[in-house]
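Peer 1: Below is a structure I'd like to ask you about.
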Amino acid sequence: MTMTQVPILTRKQIVRRTYNEELAAALQTPHPLLRRIYAARNIQSMKELDRNLENLLPYQSLLGIEQAVALLAKAVMTQQRILIVGDFDADGATSTAVAVRALRSFGAQHVNFMVPNRFAFGYGLTPELVAAASHFQPELIITVDNGIANHAGVAAAKAQGICVVITDHHLPAATLPDADAIVNPNQPNDSFPSKHLAGVGVIFYVMLALRRHLVSLNWLQTSPNMSALLDLVALGTVADLVQLDQNNRMLVHHGLRRIRAGQCVPAISALLELSNRDLTRATTADLGFAVAARLNAAGRLDDMSLGIECLLSDDSIRAREIARMLNQLNDERKHIEQDMQTQALQIMHKLHIHEKQALPHGICLFDPSWHQGVIGILAARIKERFHRPTIVFAPSQSDELKGSARSIVGVHIRDILALIDVKHPGLIMKFGGHAMAAGLSISAASFNAFSVIFDTIVAQQVTAAQLEHALFSDGALTEEELNLEAAELLRESGPWGQAFPEPLFDDIFQIVEQRLVGDKHLKLRLMKANRVIEAIAFFVDTQVWPNHRCQSIHAAFRLDVNEYKGRRTVQLIIDYMEAL
């Protein structure tokens, strides 16, 4: 079967955002373009755009933080053996690095870390991981970006006399593990105003509180600069696709400032360099698509300990050496993913999905040859292509399948799994996650039944409008706005990300020239109002483009700054286009 036989369901609806013009006029920013963009994101006042770290939400309202700090302070001051248990994604890796770096700067001399190998131990603090950690002889375990669902693992650790402090951000189940302290803004009765901290944000807050406590006890004569960790906090926050509410925007903004100033860990510099990104002009997109992708490759195909070692290294030569290994793993991941994506599209074709109306409401896919470490990316790709909540499964141990779920806006995927678990007890062996992403395990024999039930439950929870694949545009740009100054302004007016999307515009252009570059990217010269502007569309369908019979397009695009041989010009990054 050739790729041309696979249904091409890429048509999207471009919807222009609406905004309150009175609200836009009241925003005290001098540029009218920014006023309408902020108003369209429901910014009510300029205070919501404040990025001053002095206004960061205080840690005191985090439930359980006092108990956690007391236990950690005792461990640091008595030189207990501390073990950080991380997770195998970029949020988990940065969380681990923040914890290790902070604790060592506070004077802790016996700090180690361990990341569960997804193929051997599963997710989080499992009993198997506790057993494997025995050679560290930990007296205190801190979980980062995990633990809230690990009842059995916490019990196993407590049975060995190990103190357990959980720091996590994932949604808890009906009961909480019997840990000595839990810090998670999403646990019941927690009054912390932001529920969108990533795992790295939670452990950063815990370390902020611990530093102040150790200073008050005169353990620390000089106070370590916690802002030095914000490059890692920014990376983990962006990588985990949590909502960039005001608090997260503050963390990411200052992390990006440090990265651009070259005040970041050598790993981030090396990974940006390997991906041909300019450190001095790094954006959230660079962190997500360049740095995080390479870090995640370690956890997907090998062991995230390699990525954490890179983040912990202060030796630029060693960091660059490990970064090259991560880059090679990422290249391998791309090849595996492409093969899996081809197979997934063939499965969709065999299901006779030729028209959008025939799509299931929730998609479940499985192949016995698929790699467990790559199913999350594949789920994201299928979700993007068909705009449906998607779960991709791969074989695990014995007759168990591991699933990775990705969802669309308005469909809370973890709540969907919880509802299935209530209505069909025992069908799901275990699950966890949040609104847009989740993980689960089922028996191999249950796959067909689960697929039908998932589709049915999703169908009951979504509206037809939610299933429309819409791109939300900030409208057209005037001739005066389509310039380098506006591109620079937008670059510096974020950080942009989840729930605070980067400005996207749309308009109709005449095509002056179109050609492929790098075999898969379309370079265009477009004309609007007798003015020619450069544009590029990445990873186009080469069965369609270049389209030499096409004289004009309707394009959804972002403004970007193209720098070549010292010359800086505006260019359009085209996210979607239709031939007219």
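The values are calculated or read from the model by the stated rules, or taken from the named source; none is laboratory data. This one's a predicted model, so the numbers in the text were calculated from it and none came from an experiment. Don't worry about glycine lacking a Cβ; one is built from the backbone with ideal geometry, like all the others, and counts go over all protein chains shown. Calculation scope for accessible area: heavy atoms of the full protein, side chains included, ligands and nucleic acids excluded. Shrake-Rupley method; radii C 1.70, N 1.55, O 1.52, S 1.80 Å.
Peer 1: Tally up the residues in the stretch 83-107 that are buried (at least 19 other Cβ atoms within 10 Å of the Cβ) and either in a helix (DSSP H, G or I) or free of Cβ contacts under 8 Å to residues at least 40 places away in the same chain (or both), please. Reasoning before the result, please.
Peer 2: As a first pass, look at the stretch 83-107 and keep what is buried (at least 19 other Cβ atoms within 10 Å of the Cβ): 83-103, 106.
Still in the list and also either in a helix (DSSP H, G or I) or free of Cβ contacts under 8 Å to residues at least 40 places away in the same chain (or both): 90-103.
Going through the stretch 83-107 one residue at a time, the tally reaches 14.
Peer 1: Out of the stretch 498-548, which residues are outside any strand (DSSP E or B), within 30 Å of the chain's Cα centre (by Cα) and touching a residue at least 40 places away in the same chain (Cβ under 8 Å)?
Peer 2: Across the stretch 498-548, the qualifying residues are GLN498, ALA499, PRO501, GLU502, PRO503, LEU504, ASP541.
Peer 1: Still on this model: State all residues of the stretch 108-147 that are of a type in the set (Asp, Glu) and either at pLDDT 95 or above or assigned to a loop (DSSP other than H, G, I, E, B) (or both); if no residue qualifies, say none. Lay out the reasoning, then the answer.
Peer 2: Step one: filter the stretch 108-147 for residues of a type in the set (Asp, Glu), giving 128, 139, 145.
Across the stretch 108-147, the qualifying residues are GLU139, ASP145.
Peer 1: List pairs: first residue in the stretch 360-373 and over 20 Å from LEU301 (Cβ atoms) and touching a residue at least 40 places away in the same chain (Cβ under 8 Å), second residue open to solvent by 10 Å² or more (accessible area, probe 1.4 Å) and β-branched (Val, Ile, Thr) anywhere in the structure, Cβ distance under 7 angstrom, at least six positions apart or on different chains.
Peer 2: Going by the 7 Å Cβ cut-off, the qualifying pairs are HIS361/VAL462.
Peer 1: Can you tell me which residue in the stretch 211-252 is least open to solvent (accessible area, probe 1.4 Å), limited to those that are free of Cβ contacts under 8 Å to residues at least 24 places away in the same chain and not small (Gly, Ala, Ser)?
Peer 2: Restricting attention to the stretch 211-252, the residues satisfying the condition of being free of Cβ contacts under 8 Å to residues at least 24 places away in the same chain are 212, 215-216, 218, 221-223, 225.
Keeping just the survivors that are not small (Gly, Ala, Ser) gives 212, 215, 218, 221-222, 225.
Numbers: ARG212: 144, VAL215: 55, ASN218: 113, GLN221: 157, THR222: 110, ASN225: 98 Å².
Here the residue is VAL215.
Peer 1: Scan the stretch 524-560 residue by residue and report those that are exposed (fewer than 15 other Cβ atoms within 10 Å of the Cβ) and either hydrophobic (A, V, I, L, M, F, W, C) or touching a Gly at 6+ places or on another chain (Cβ under 7 Å) (or both).
Peer 2: Answer for the stretch 524-560, where residues must be exposed (fewer than 15 other Cβ atoms within 10 Å of the Cβ) and either hydrophobic (A, V, I, L, M, F, W, C) or touching a Gly at 6+ places or on another chain (Cβ under 7 Å) (or both): MET527, ALA529, VAL532, PHE538, PHE539, VAL544.
Peer 1: Further, regarding this structure: Tally time: how many residues in the stretch 419-455 are outside any strand (DSSP E or B) and free of Cβ contacts under 8 Å to residues at least 60 places away in the same chain? Break it down stepwise before answering.
Peer 2: Here is the first cut: in the stretch 419-455, the residues outside any strand (DSSP E or B) are 419-427, 434-436, 444-455.
Now narrow it down to the ones that are free of Cβ contacts under 8 Å to residues at least 60 places away in the same chain: 419-427, 435, 444-446, 448-449, 452-453.
The qualifying residues number 17.
Peer 1: Still on this structure: Mind listing whichever residues of the stretch 386-418 are within 17 Å of ASP455 (Cβ to Cβ), in a loop (DSSP other than H, G, I, E, B) and of a type in the set (Val, Ile, Thr)?
Peer 2: Within the stretch 386-418, ILE408, VAL411 meet the criteria.
Peer 1: Condition first: within 28 Å of MET527 (Cβ to Cβ) and open to solvent by 10 Å² or more (accessible area, probe 1.4 Å). Now tell me which residues in the stretch 497-514 satisfy that. Please lay out each step first, then the result.
Peer 2: So the first thing to find is which residues in the stretch 497-514 are within 28 Å of MET527 (Cβ to Cβ), and the list is 501-514.
Answer for the stretch 497-514, where residues must be within 28 Å of MET527 (Cβ to Cβ) and open to solvent by 10 Å² or more (accessible area, probe 1.4 Å): PRO501, GLU502, LEU504, ASP507, ILE508, GLN510, ILE511, VAL512, GLU513, GLN514.
Peer 1: Looking at the stretch 488-496, is at least one residue part of a strand (DSSP E or B) and aromatic (Phe, Trp, Tyr)?
Peer 2: Within the stretch 488-496, the first condition is being part of a strand (DSSP E or B), and the residues that meet it are none.
No, the stretch 488-496 contains no residue that is part of a strand (DSSP E or B) and aromatic (Phe, Trp, Tyr).
Quick grid of which residues meet (1) under 15 Å from LEU232 (Cβ atoms); (2) open to solvent by 20 Å² or more (accessible area, probe 1.4 Å); (3) under 16 Å from the mean Cα position of the chain (by Cα); (4) without any contact (Cβ under 8 Å) to a residue 60 or more places away in the chain:
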residue: HIS254; (1), (2), (3), (4): yes, yes, no, no
residue: ARG258; (1), (2), (3), (4): yes, yes, no, yes
residue: VAL265; (1), (2), (3), (4): yes, no, no, no
residue: ALA270; (1), (2), (3), (4): yes, no, no, yes
residue: GLU273; (1), (2), (3), (4): no, yes, no, yes
residue: ASN276; (1), (2), (3), (4): no, yes, no, yes
residue: ALA292; (1), (2), (3), (4): yes, no, yes, no
residue: LEU295; (1), (2), (3), (4): yes, no, yes, no
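Peer 1: Still on this model: Looking only at residues that are of a type outside the set (A, V, I, L, M) and part of a helix (DSSP H, G or I) in the stretch 357-385, which one is surrounded by the most Cβ atoms within 10 Å (Cβ to Cβ)? Please lay out each step first, then the result.
Peer 2: Here is the first cut: in the stretch 357-385, the ones of a type outside the set (A, V, I, L, M) are 357, 360-362, 364, 366-373, 376, 381, 383-385.
Then drop every residue that is not part of a helix (DSSP H, G or I), which leaves 357, 372-373, 376, 381, 383-385.
Details: GLN357: 6, GLN372: 19, GLY373: 24, GLY376: 20, ARG381: 19, LYS383: 22, GLU384: 13, ARG385: 20.
Looking at the filtered set, the residue picked out is GLY373.
Peer 1: Answer yes or no: is there a residue in the stretch 108-121 that is open to solvent by 30 Å² or more (accessible area, probe 1.4 Å), without any contact (Cβ under 8 Å) to a residue 60 or more places away in the chain and under 25 Å from the mean Cα position of the chain (by Cα).
Peer 2: Just the residues of the stretch 108-121 that are open to solvent by 30 Å² or more (accessible area, probe 1.4 Å), to begin with: 109-110, 112-113, 117-121.
Then keep just the ones that are without any contact (Cβ under 8 Å) to a residue 60 or more places away in the chain; that gives 109-110, 112, 120-121.
Subset that is under 25 Å from the mean Cα position of the chain (by Cα): 120-121.
Scanning the stretch 108-121, I find at least one residue that is open to solvent by 30 Å² or more (accessible area, probe 1.4 Å), without any contact (Cβ under 8 Å) to a residue 60 or more places away in the chain and under 25 Å from the mean Cα position of the chain (by Cα), so the answer is yes.
Peer 1: Also, quick follow-up: Given the options PHE500, PHE509, name the one that is modelled with pLDDT of 95 or more, more than 24 Å from ASN530 (Cα to Cα) and in contact with a Leu (Cβ under 7 Å, 6 or more places away or on another chain). Show your work before the answer.
Peer 2: On the way: PHE509 fails: more than 24 Å from ASN530 (Cα to Cα).
Exactly one of PHE500, PHE509 is modelled with pLDDT of 95 or more, more than 24 Å from ASN530 (Cα to Cα) and in contact with a Leu (Cβ under 7 Å, 6 or more places away or on another chain), namely PHE500.
Peer 1: Right, next: All but one of (1) more than 30 Å from ILE182 (Cα to Cα); (2) under 29 Å from the mean Cα position of the chain (by Cα) hold for LEU63, so report the exception by its number.
Peer 2: (1)
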